[in-house]
Amino acid sequence: MAQNKYSILLPTYNERENLPLIIWLINKTLSESGIDFEVIIIDDGSPDGTLDVAKQLQKIFGEKKIILRPREKKLGLGTAYIHGIKHATGNYIIIMDADLSHHPKFIPQFIKKQKEGNYDIISGTRYIGDGGVYGWDLRRKLISRGANFLARVLLRPGASDLTGSFRLYKKEILEKLIAACGSKGYVFQMEMIVRARQFGYAVGEVPITFVDRFYGESKLGGNEVIQYATGLLRLFATT
Ligand code: GDD
Ligand code: MN
């Protein structure tokens, strides 16, 4: 059997300071564990020059490891994954944030867990076991808790962290979910898990710690919160 390959989708918007570190950490962690991987960077025309940094990293790590799939302008997180997966050559897809909030050390744990139960999806969760959030202010904690609570009550998805974006998918499963998905922004993550349950896919969970970014700022504004709420209601009405 051919060895598994993992395509990591890394959406970026103004992540110039974070990108070299996260790429270095991914490469170190996965190489040391003997994991075959590629990183697909989807930059949405960041004004801070993230794409130039990405090009430098491609020179250092090689075109097989670092693949650039930029878009002209900021088109949202959900569609960034959909754009990135089209160029993935792995049989597994990993999605994670580029701002060091998601530590690559959890990736070998995701892979181990996936193999144990032949899961279709492994979802990193902040809300069970050793999982947690570090560095968020009360407002941000309430938004995340509230978003998860509402979604759990309304949609009963059978997973503990619906809005998290550190996950592993079988590629063909993610493609099927995307085909059924209507979300463009942050609500994408939740829709994936809700649809997965609808289709009867097996979801495993691994506790992760989410550490708030040190460089740059979050792109989650009031607009995204409203989009999330309308997305949630749309899912409630349609699933
Ligand atoms: N290409 C692209 N386009 N990338 C984007 C966009 C976009 O429109 N918006 C955000 N990103 C990238 C960021 O550069 C970062 O790598 C990642 O997506 C997450 O964005 P953040 O702005 O850092 O999100 P956050 O820390 O506020 O939110 C985190 O927690 C949320 C709630 O749990 C993320 O993990 C979210 O995905 C999650 O829903
Ligand atoms: Mn972040």
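The values are calculated or read from the model by the stated rules, or taken from the named source; none is laboratory data. From a predicted model like this one, the values you see are computed outputs, not experimental measurements. Here Cβ is always computed from backbone atoms with ideal geometry, including for glycine, and neighbour counts include all displayed protein chains. Areas reflect the complete protein model, heavy atoms only, side chains present, ligands, DNA and RNA absent. Shrake-Rupley method; radii C 1.70, N 1.55, O 1.52, S 1.80 Å.
For the range 17-39 and the range 219-239, what is the separation of their C-alpha centers, rounded to whole Å?
32
So what are the ³J(HN,Hα) numbers for the range 207-220, from phi and the Karplus equation (6.51, -1.76, 1.60; θ = phi - 60°), rounded to whole Hz, Gly and Pro as x?
So the J values, rounded to whole Hz, are x, 10, 9, 9, 10, 4, 4, 9, 9, x, 10, 5, 9, 7.
Relative contact order (percent) for the chain, with alpha-carbon contacts under 8 angstrom and 6 or more residues of separation?
Relative contact order of the chain: 24 percent.
Averaging over all projection directions, find the projected area of the Cα convex hull of the range 1-92 and quote it in nm² with one decimal place.
Values: hull surface 23.2 nm².
So the mean shadow area of the Cα hull is 5.8 nm².
Full extension from Glu32 to Lys55: what is 0.36 nm times the residue separation minus their Cα-Cα distance, to one decimal in nm?
Numbers: separation 23, 0.36 × 23 = 8.28 nm, distance 2.39 nm.
Here the answer is 5.9 nm.
State the Cα centre-to-centre distance between the range 79-129 and the range 186-211 in whole Å.
10
Per residue of the range 222-227, in order, report the coupling 6.51 cos²θ - 1.76 cosθ + 1.60 (Karplus, θ = phi - 60°) as ³J(HN,Hα) in whole Hz, putting x for Gly and Pro.
Once θ is set to phi - 60°, the couplings for the range 222-227 become x, 4, 5, 5, 5, 4 Hz.
Looking at the P(r) of the range 71-139, how many percent of alpha-carbon pairs lie beyond 21 Å?
Above the 21 Å cut-off, the range 71-139 has 41 percent of its Cα pairs.
Each residue of the range 145-162 in turn: what ³J(HN,Hα) in whole Hz from Karplus with 6.51, -1.76, 1.60 and θ = phi - 60°, glycine and Pro shown as x?
Here the 3J(HN,Hα) series is 4, x, 4, 5, 5, 4, 5, 5, 5, 6, 10, 6, x, x, 9, 8, 10, 8 Hz.
With a Förster radius of 22 Å, plug the Cβ-Cβ distance of Lys5 and Arg71 into 1/(1 + (r/R0)^6) and report the FRET value to the nearest 0.05.
For Lys5 and Arg71, the calculated efficiency is 0.35.
Modelled label-to-label distance, Ser218 and Tyr134, 7 Å Cα→beta-carbon offset: nm?
Here the answer is 1.7 nm between the modelled labels.
With bins 10 Å wide starting at 0, give me the P(r) of the range 190-232 over every alpha carbon pair, in whole percents.
Histogramming the range 190-232 at 10 Å steps yields 20, 31, 41, 9 percent.
Report the convex hull volume per residue for the range 33-163, counting only C-alpha atoms, in Å³.
Taking the convex hull of the Cα positions in the range 33-163, it is 157 Å³ per residue.
Just to be sure I understand the curve: with the Debye formula and one point per C-alpha of the range 161-239, what is log10 I(q)/I(0) at q = 0.11, 0.13, 0.15, 0.27 Å⁻¹?
These q points yield log10 I(q)/I(0) values of -0.33, -0.46, -0.60, -1.38.
How much of the accessible area of the range 31-91, probe 1.4 Å, is carbon plus sulfur, in whole percent? Mind dumping the intermediate values first?
Values: 1620 of 3070 Å².
Within the range 31-91, the accessible surface is 53 percent carbon and sulfur.
Give me the base-10 log of I(q)/I(0) for the range 99-226 at each q in 0.09, 0.12, 0.13, 0.22 Å⁻¹, Debye formula, one uniform scatterer per Cα, rounded to two decimals.
Relative scattering, expressed as log10 I(q)/I(0), comes to -0.25, -0.45, -0.53, -1.52.
Give me the 1.4 Å probe accessible area per residue for the range 1-152, excluding ligands and nucleic acids, in Å². It would help to have the intermediate numbers written out before the result.
On the way: 7280 Å² over 152 residues.
I get 48 Å² per residue for the range 1-152.
What residues have an amide H closer than 5 Å to that of Asp43, excluding those fewer than 5 places away on the same chain, when H is modeled at 1.01 Å from N in the peptide plane?
Answer set, sorted by chain and number: Thr12, Arg69, Arg71.
Add -39500 (n - 2.57) for each DSSP H run of 4 or more in the chain, then divide by its residues: what number comes out at 222 nm, to the nearest 500 deg cm²/dmol?
Calculated from helices alone, the mean residue ellipticity at 222 nm is -13500 deg cm²/dmol.
Binning every alpha carbon pair distance of the chain at 5 Å from zero, what are the percents per bin?
The percentages, shortest bin first, are 1, 6, 14, 20, 21, 18, 12, 5, 1, 0.
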